[in-house]
Amino acid sequence: MLWALMAGVTGTATLAAVKIWQLGSYPAYDLDWQHGPGTYSTYLSLAFPFLLYLLLQPAQRRIPFKPTWLLLPIFLFAGYATLNRMFWLAAGVVLLVFLALLTFNRSKSISLRSLVSLATVLAIASVLFVNVSKDHPASAASASINSKSSPLDHVMESFRHSERYQIWQYWTEHIAERPLAGVGFGRDLPHNVYTKPPDWPDGFFAHAHNVFLNYALQMGLPGLVALLILLAALIRTFWRFYQSPHEETRLVGICGLALIASFVTKNMTDDFFWRGDGLLFWSLVGMLLGYGTRSTMRVESST
């Protein structure tokens, strides 16, 4: 399963390379291919914890370089080809989760070199995020970017003047109109119920561009609470894995916590928790829960 996921990452990078060669420009994924960069960047974000999991596995032979590390530049290229800013924020959060939990890990089997390697990847991700932000306007409605601004200014503008604030305010007001029942299931259903503001582009009105707001719109506040309880239950289970005395089970717990962190971060400014990406998320969660539970049962039976 892990190597099938990495094969998907490699396939995504290959598709990006072919598209760039054909089009000669970024992003390398258009709307004709699985809803464009957003879907691809979400897939990569969900795969990232498992790539780190593989990178932290001990080498099978005494060789100076782990071949698994060749997957990392492939992953970074595929992510950069999406030109998606939230991809880099999600990747950064995943790396921070791994670094924090490994640092406080009671086991000494994770080498200092591995921690330094993860910190280096985090630095590279930060640089690429700044570079992608430089080529994007703070708002999709903006006509252009001031080329004289510093890279840090571009990053700060992405947070200060994003169109997401306007979108969230509009849909939050409509959540208050039907707080208990919502409008019904379907991510795109609310825009068939309410009227689009005349000055909005169609993309703004597609949905609330936040997974939690979308669930509140569809199912009301009780539905949002149900989603939060479900995520909290997953976090609790993965945290129990992390506290296991067994090294492999702890890594499964870290991977699960990083997966939840990636899901939440990536879907804070959009909502790709549906169709292929939604199915992938639950498949990965199920795989981790099954493997972690079996590993815990083996440890308990041996003691």
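The values are calculated or read from the model by the stated rules, or taken from the named source; none is laboratory data. The structure displayed is predicted, hence computed values, not measured ones. Counting neighbours? That spans all protein chains shown, and the Cβs are built from the backbone with ideal geometry, glycine included. With ligands, DNA and RNA removed, areas are computed over all heavy atoms of the protein, side chains included. Shrake-Rupley method; radii C 1.70, N 1.55, O 1.52, S 1.80 Å.
Brief remarks on what is shown
- Of all residues in the range 153-211, those that are of a type in the set (Lys, Arg) and part of a loop (DSSP other than H, G, I, E, B) total 3.
Here's the yes/no breakdown for (1) under 13 Å from the mean Cα position of the chain (by Cα); (2) within 22 Å of Val93 (Cα to Cα):
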position: Arg236; (1), (2): no, yes
position: Trp239; (1), (2): no, yes
position: His246; (1), (2): no, no
position: Ala261; (1), (2): yes, yes
position: Met268; (1), (2): yes, yes
position: Met297; (1), (2): no, no
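- Set side by side, the residues Ala16, Ala47, Ala59 differ, and just one is modelled with pLDDT under 90, part of a helix (DSSP H, G or I) and surrounded by 11 or more Cβ atoms within 10 Å (Cβ to Cβ), which is Ala16.
- Test: Leu217 is open to solvent by 30 Å² or more (accessible area, probe 1.4 Å) and either at positive phi or of a type outside the set (S, T, N, Q) (or both): no
- Selection from the range 243-256 of residues that are open to solvent by less than 20 Å² (accessible area, probe 1.4 Å) and not charged (D, E, K, R): Ser244, Thr249, Leu251, Val252, Gly253, Ile254, Cys255, Gly256
- Across the range 268-279, the number of residues qualifying as open to solvent by less than 30 Å² (accessible area, probe 1.4 Å) and either of a type in the set (Phe, Trp, Tyr) or modelled with pLDDT of 95 or more (or both) comes to 2.
- Residues of the range 220-242 satisfying the condition of being of a type in the set (A, V, I, L, M, F, W, C) and open to solvent by 40 Å² or more (accessible area, probe 1.4 Å): Leu221, Val225, Ala226, Leu228, Ile229, Leu230, Ala232, Ala233, Ile235, Trp239
- Residues of the range 203-214 satisfying the condition of being open to solvent by 20 Å² or more (accessible area, probe 1.4 Å), modelled with pLDDT under 90 and in contact with a helix residue (DSSP H, G or I) (Cβ under 9 Å, 6 or more places away or on another chain): Ala206
- Cross-chain or 6+ apart pairs with Cβ under 7 Å, the range 178-190 first and at pLDDT below 90, then open to solvent by 50 Å² or more (accessible area, probe 1.4 Å): Arg187/Trp274
- Qualifying residue in the range 218-238 (condition: part of a helix (DSSP H, G or I), among the polar types (S, T, N, Q) and within 15 Å of Pro49 (Cα to Cα)): no
- Odd one out for Tyr165 among (1) farther than 20 Å from Thr269 by Cβ; (2) modelled with pLDDT of 70 or more: (1)
- Listed by first and then second residue, the pairs linking a residue in the range 243-270 that is closer than 15 Å to Leu96 by Cα to a residue that is charged (D, E, K, R) and surrounded by fewer than 23 Cβ atoms within 10 Å (Cβ to Cβ), with Cβ atoms under 8 Å apart and 6 or more places separating them unless they lie on different chains, are Gly253/Arg240.
- Pairs where the first residue, in the range 81-101, is under 19 Å from Leu257 (Cβ atoms) and open to solvent by less than 30 Å² (accessible area, probe 1.4 Å) and the second is charged (D, E, K, R) and part of a helix (DSSP H, G or I), C-beta under 6 Å, 6+ apart: Ala90/Lys266
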